[in-house]
Amino acid sequence: MRGAKVVGSFLSACLTVTLGCGDGDHTLRLVQTVPADMASEVPTDIVVTAEFDAALNEATVTTSSFRLTRDGGADVGGSVAVAGQTASYTPAPALGLLNTYTATLTTAIEGLSGQTLATTQTWGFQTRDGQWGDPVLIETDNADNAFDPQVALDPNGNAIAVWQQSDVTRTNIWANRFIPAEGWGVAERIEADDSGEAFVPQVAVDPNGNVVAIWEQSDGTRRNIWANRFTPAGGWGLAELLETDNAGDARVPQVAVDPNGNAVAVWHQFDGTRTNIWANRYTPAGGWGAAERIETDNAGDAQLPQVAVDPNGNAVAIWSQSNGSRDSIWANRFTPAGGWGLAELLETDNAGDARVPQVAV
């Protein structure tokens, strides 16, 4: 078993097919487990089960008495159930690829007649590695090139891909969705503005499969920031303009989504003199808000923002900004209760430029 570390295997104590140990009418015996002890190549959607020699007292089988842990000791989320003599643990979400897990049954588990395990029982197993499938063409519009794809995945394995594609006259934004049970769907254009080119889409998805796609699009004079939203129940909506400052181009949008479907978009935008950092926020209840400039340093250009958001909707935006002599790294933080704060300089090494920041929360 590659890289496996099996902790406290009960096989050392019980060498027969009957894995439980002990004697007397009040001893509950473990008959078999799925997966078996030291199993490898285990599917990630496995339901871990333990079969006993007597019907179980369902009230005694809990996530405390039947535990599943990842290598290193972290508990795996999930639920337990009892059917007669079998206890099952269903991980949620599915297990990770090529990970080692340990299942533990404690002496708190009882049979209907009061039987108990003589000792705590543990067994270990390793999940399978991933495997690439065959390449699949997800668009069939061959008028011209499709490029700059981006993809996001929800916890259920549903994926959304977005890209820009030329129809010979202009580039448009397209999307396709993958569902594990069905495969890829039909490519769909998600914006309908033909006044100018649409570029560099970005995409983010929440745990419920709701998607926000964002891109820059020309109106024939300047580039603006647009977005569209997908829901599993309703599909794609109508594209929306996120900013109305028409002094100059808005470029290089980025987007992040929290587990409740709230999204934060950031971009840099030219005001006729310099580029500044702007943001807008989407909430499922209120839609997109008003675009807001999130930095006020007018010494030089601010550009290439990135954004990340935590499960409570707090966001951090980061970017590179010139002070007239060199580029430095700046950041601002958003909280749902207080909005955006004041931009802060993150580094003071002025020997040379600082550029191309990234951020995670």
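The values are calculated or read from the model by the stated rules, or taken from the named source; none is laboratory data. Since the model is a prediction, treat every value here as computed from it, not as a measurement. All Cβ positions, glycine included, derive from the backbone under ideal geometry; neighbour counts span all protein chains shown. Note: areas computed on protein heavy atoms with side chains; ligands, DNA, RNA excluded. Shrake-Rupley method; radii C 1.70, N 1.55, O 1.52, S 1.80 Å.
Observations
- Those residues of the range 212-240 which are surrounded by 17 or more Cβ atoms within 10 Å (Cβ to Cβ) and polar (S, T, N, Q), in sequence order: Gln217, Ser218, Asn224, Asn228
- All of Gly196, Gly209 fail the test of being open to solvent by less than 20 Å² (accessible area, probe 1.4 Å), under 29 Å from Asn312 (Cβ atoms) and not hydrophobic (A, V, I, L, M, F, W, C), apart from Gly209.
Per-residue answers, yes or no, for (1) open to solvent by 70 Å² or more (accessible area, probe 1.4 Å); (2) more than 20 Å from Ile109 (Cα to Cα); (3) at pLDDT below 95:
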residue	(1), (2), (3)
Gly20	no, no, yes
Gly24	no, no, yes
Thr27	no, no, yes
Gln32	yes, no, no
Ala39	no, yes, no
Val47	no, no, no
Leu56	no, no, no
Ala92	no, yes, yes
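- If you check Arg170, Arg177 for being open to solvent by 40 Å² or more (accessible area, probe 1.4 Å), within 30 Å of Asp301 (Cβ to Cβ) and among the basic types (Lys, Arg), only one passes: Arg170.
- Inside the range 67-88, residues that are crowded, with 16+ Cβ neighbours inside 10 Å and closer than 14 Å to Gly111 by Cα make up a count of 4.
- Verdict on Trp163 being open to solvent by less than 20 Å² (accessible area, probe 1.4 Å), aromatic (Phe, Trp, Tyr) and out of contact with any Lys or Arg (no Cβ under 8 Å at 6 or more places or on another chain): yes
- The set of residues from the range 201-216 being under 21 Å from the mean Cα position of the chain (by Cα) and not in a loop (DSSP other than H, G, I, E, B) comprises Pro201, Gln202, Val203, Ala204, Val205, Val211, Val212, Ala213, Ile214, Trp215.
- Residues in the range 171-200 that are outside any strand (DSSP E or B) and among the hydroxyl-bearing types (Ser, Thr, Tyr): Ser195 only.
- Ser79 in a strand (DSSP E or B), within 26 Å of the chain's Cα centre (by Cα) and among the small types (Gly, Ala, Ser): yes
- Candidates Asp271, Asp327: the one that is more than 28 Å from Asp206 (Cα to Cα), of a type outside the set (Ser, Thr, Tyr) and in contact with a Lys or Arg (Cβ under 6 Å, 6 or more places away or on another chain) is Asp327.
- Conditions (1) in contact with a Gly (Cβ under 8 Å, 6 or more places away or on another chain); (2) open to solvent by 50 Å² or more (accessible area, probe 1.4 Å); (3) within 28 Å of Asp206 (Cβ to Cβ): number failed by Tyr282: (2)
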